[in-house]
Amino acid sequence: MSMKSLPKLGSSLSAEHIAFLNTFSTSCRRSILEMTTNAASGHPGGSLSCIDYLSLLYAFIISQTGETVIVSNGHISPAVYAVLAEMGYIQKKEVVEGFRKSGMPYEGHVTRHVPGVWYGTGPLGAGVSAASGFALAEKLKDTTSSTKKGSKVFALVGDGESEEGQVYEMMHVAAKYKLENFIVFMDYNEVQLSDSLTEVMPYDPKAHFTAAGWHVIEVDGHDYTAMWKALKEAYDVKGKPVFILGKTVMGKGVDFMEKTGRAKEATWHGKAATQEQIDGVLNEQIALSEEKRSEIGDFLKKYVSWKPKKPVFSELLSATKIKTGKPRVYTAGEMTDCRSAYGNALLDLATLNKNIVALTADLAGSVKTDGVQKTFSERHIEVGVAEQQMVSMSGGMSLSGFVPFCSTFGAFMTSRAKDQARVNDINMTNVKMVATHCGLSVGEDGPTHQAIDDSGSMLGLFNTMTLEPADPNQCDRMIRFVASHYGNFYVRMGRHKVPVLTKQNGSVLFDADYEYYYGRCDVLRTGKDVTIAAMGGTVAEALAAWKVLKEKGVSAEVVIVSSIKQFDAPLFRSIKKTKKLVTVEDHNTHSGLASQLAAALQEKKIVLDACVNLGVREYQLSGTWDELYAAAGIDRGAIEISVRKMIK
C-alpha cells in the first residue's frame, strides 16, 4: 500500500511510513550487495549499517529540502549511490554495473561527479570538517539575508574515522561558532577496518562530543521511529551543533554479514561477497515483490520535489564576479613586508565583497588577517591551532558561495594540512591559501618553522596554482588576482621587510597600471651576459648583486619569476639570449624553481651553456634572515660570485 502523505517532523511515523522505509532500505541493500559483488571490491559492511538512517533522511527530508549532506566516511559510497539511485537521482542499473569501473563516475569513495554529492571524501576526518564549512556558510548567509532560511547541513561520520585528530578540531570549531544548523550522525557499529573499536582504539564518542559542547542524542540506528524523533530534537536545538550517536550493526540486514557484525568482527568492512553468497539473500531475505517496487515508484512521482542539479566544475582561472577594487601603490624607497600588503589587500576585498572571508589558526596578527578581524569580525573565522580543520572548512565554504582566504605559516599549511589541501584539490574547490613566514625569511624561529619545501608540497596538485610575490606591490596585485579567479591558490611569502622594486628610472615597477596574470614573469633589469631568475625575497638580493656586477662590467638580466608551475615568455626570451642562467630561491632547489624551470627548459629544448642553482640545500639554524641567506648562499654576495665564476 502506497503512503498517503509524507510525515512531518514532530509527528509520529505511521505504520505505512515505517513499511515504506523498510521497502526503500531493502531495495538499497540489494543495490549495495549487487554493486560491491559486481565490482568484486568495496565496503558493504558499513554501507549496510548506515543505510536505514540515510533512507529516512533522504526519503522524508532531503527529498523536500535539498539540504546539504556530506558523507565523511566516504568508503560507504555503495550506501550513498544506492540511496541516490532509489531517489531517482542516478540510474540504478548504471551504478550497479559501473561501480568502481573505469570511465564511470561511481568511484570507490563518494565523489562530487555524482549528482547529489556535495563534496567528495575518502581520507578520514576531512569530510566532516568540510561539512562544518558548509554549515558555517549557511549560518553566515542567514545573518546577511533579510529572509532567514535556517538550512541544515547533515554529515555522516564513522566511529573509526573519529579517531582522527581532525575530527576533534572540527568538534571545537563547530561548538565555538554555535552551528545549531549542523547535524552529525555517527555510524557507531563499533567495527573498523582491521578489528573492533575496542581492540583498535577504544574511546567514548558520547563523552567527547559532550565535552566539546555539542548536544548529544543516542539512538538505535535501525529504529526509524527513534531516529525520526532524534531528528526532530536536533532541529529544535538552539546554540549548539548536534551529534546523533547511531548505534548500528555492521552488515545489518544481510544475515551472514550481520552475524560477524554483531560479534564485532571486521570481516565485511572492506570485502565484497561472492555472487554465490548473495544470490540466496537477494532471492529470500531481501527479496522485493513487484508490488513493493511499485510503492517506491509511486513515492518518486508523488513526493520527491527536490532533485540535484548536474555537477558543475568551474574552469580553473576563469574570472569570477569578485570586485577587486583599486590597487594600493607602495612608494619607491618604502620598506615593508608582503604579509602586510596581503592584509591590506584582503581588507579591501572584504570591504567590497560580502562573500570574502578570512580564516586563520591563532595567527591573525602574524598573517595580517587582523584587519578583517577588526572590521568584519563575523567574516573572520578563528579556528584555533587547527590547520587541518581550517583548510577543509575553507573547502566547504568555497562550494557554498564564499571565497575563503585561509592563512597560517607555510610550514604548517603545506605539511600539517597537505592532505586537506589535496582533498580540496580533488573537489576543485576555490580556496585561497596564503602562507606567510616562508623560507629562511622566518629567521630566528629555526628549521622547524623555516618552510623550504612548501612549494614542492603543492606541485602534484592538479587544481592548485602556486604564487610568490617579490614585493608589496606585486603581492597586492596577486591577492586581487587570486580572489577574482576561480581555483585553489597557494601564495607563499616571507616575513622580513623588502624594498619596493623600481624600474631603472626610479619609478615603481609594479605601479597602478600593472596587471598580474598567472605565471607572469617580469624583467627587472636588462642585460646580455647572464640571466638571473629570482623569486620572492631573493629578488631584492638579485637586484643588489646586479648593481655590483654592473660596476664590474658584467651585464646581467634580472627576471622576476612568480610561479614554479607556470613560466612566462620574458623568462624564456632572456635565457635564449644569454644562454647562461642563475636561479635564486628561498626554497629547496629539488622541488622549487630550479627543478621546475629545468624541466620547462628541457621541454622547450632550450640549451644552456652554463647554469647555477642557488637555494636552500640543508636545514639552517636560528639567525636573522640576512644571516641565514648568507649562510645558505642565496644572498647578494653569493649571487655575484656565482655570476662572475660563470662568465669567466
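The values are calculated or read from the model by the stated rules, or taken from the named source; none is laboratory data. Predicted, not measured: the structure shown is a model, and the values here were computed from it. Cβ coordinates were reconstructed from backbone atoms using ideal geometry, including for glycine residues, and neighbour counts include every protein chain displayed.
Quick look at the numbers
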{"quantity": "Candidates LYS580, LYS550, filtered to the one that is more than 26 Å from ALA332 (Cβ to Cβ) and among the charged types (D, E, K, R)", "calculated": "LYS580"}
{"quantity": "Test: residue in region 458-478 that is touching a Gly at 6+ places or on another chain (Cβ under 8 Å), outside the structural domain of GLY536 (by TED's automatic domain parsing) and within 12 Å of ASP337 (Cα to Cα)", "calculated": "yes"}
{"quantity": "Subset of region 368-409 [farther than 15 Å from LYS432 by Cβ, part of a loop (DSSP other than H, G, I, E, B) and in contact with a Leu (Cβ under 8 Å, 6 or more places away or on another chain)]", "calculated": "VAL383"}
{"quantity": "Odd one out for TYR119, checked against (1) of a type in the set (Phe, Trp, Tyr); (2) surrounded by fewer than 24 Cβ atoms within 10 Å (Cβ to Cβ); (3) assigned to a loop (DSSP other than H, G, I, E, B)", "calculated": "(2)"}
{"quantity": "Scope region 520-535; condition under 27 Å from HIS590 (Cβ atoms) and either of a type in the set (S, T, N, Q) or in contact with a Lys or Arg (Cβ under 7 Å, 6 or more places away or on another chain) (or both); matching residues", "calculated": "VAL530, THR531"}
{"quantity": "Selected residue (only one of LEU614, LEU628, LEU601 is part of a helix (DSSP H, G or I), of a type outside the set (Lys, Arg) and crowded, with 21+ Cβ neighbours inside 10 Å)", "calculated": "LEU628"}
{"quantity": "Residue list for region 562-592, restricted to those being under 21 Å from LEU317 (Cβ atoms) and either buried (at least 17 other Cβ atoms within 10 Å of the Cβ) or among the aromatic types (Phe, Trp, Tyr) (or both)", "calculated": "SER562, SER563, ILE564, LYS565, GLN566, PHE567, ASP568, LEU571, PHE572"}
{"quantity": "Tally of residues being more than 36 Å from the chain's Cα centre (by Cα) and closer than 17 Å to LEU593 by Cβ across region 613-645", "calculated": "4"}
{"quantity": "Options SER77, SER47, SER25; residue that is assigned to a helix (DSSP H, G or I), in contact with a Pro (Cβ under 9 Å, 6 or more places away or on another chain), hydroxyl-bearing (Ser, Thr, Tyr) and surrounded by 19 or more Cβ atoms within 10 Å (Cβ to Cβ)", "calculated": "SER47"}
{"quantity": "Hits in region 416-453 (condition: assigned to a strand (DSSP E or B) and of a type in the set (Lys, Arg))", "calculated": "LYS432"}
{"quantity": "Condition broken by GLY456, with the remaining ones in (1) assigned to a helix (DSSP H, G or I); (2) buried (at least 21 other Cβ atoms within 10 Å of the Cβ); (3) of a type in the set (Gly, Ala, Ser) satisfied", "calculated": "(2)"}
{"quantity": "Condition check for VAL482: of a type outside the set (Ser, Thr, Tyr) and out of contact with any helix residue (DSSP H, G or I) (no Cβ under 9 Å at 6 or more places or on another chain)", "calculated": "yes"}
{"quantity": "Residues (within 22 Å of the chain's Cα centre (by Cα) and buried (at least 16 other Cβ atoms within 10 Å of the Cβ)) located in region 373-392", "calculated": "ARG379, HIS380, ILE381, GLU382, VAL383, ALA386, GLU387, GLN388, GLN389, MET390, VAL391, SER392"}
{"quantity": "Residue satisfying condition, being in contact with a Cys (Cβ under 8 Å, 6 or more places away or on another chain) and either among the small types (Gly, Ala, Ser) or modelled with pLDDT of 95 or more (or both), within set GLY221, GLY213", "calculated": "GLY221"}
{"quantity": "Options GLY297, GLY365, GLY343, GLY325: the member that is within 26 Å of VAL508 (Cα to Cα) and assigned to a helix (DSSP H, G or I)", "calculated": "GLY343"}
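Yes/no matrix, rows are residues, columns are (1) in contact with a strand residue (DSSP E or B) (Cβ under 6 Å, 6 or more places away or on another chain); (2) at negative phi; (3) among the small types (Gly, Ala, Ser); (4) surrounded by fewer than 20 Cβ atoms within 10 Å (Cβ to Cβ):
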site	(1), (2), (3), (4)
GLU161	no, yes, no, no
GLU169	no, yes, no, no
HIS172	no, yes, no, yes
MET186	yes, yes, no, no
PRO202	no, yes, no, yes
HIS208	no, yes, no, yes
GLY213	no, no, yes, yes
GLU218	yes, yes, no, yes
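Yes/no matrix, rows are residues, columns are (1) outside any loop (DSSP other than H, G, I, E, B); (2) surrounded by 15 or more Cβ atoms within 10 Å (Cβ to Cβ):
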{"residue": "ASP279", "(1), (2)": "yes, no"}
{"residue": "LEU288", "(1), (2)": "no, yes"}
{"residue": "ARG293", "(1), (2)": "yes, no"}
{"residue": "LYS301", "(1), (2)": "yes, no"}
{"residue": "SER314", "(1), (2)": "no, no"}
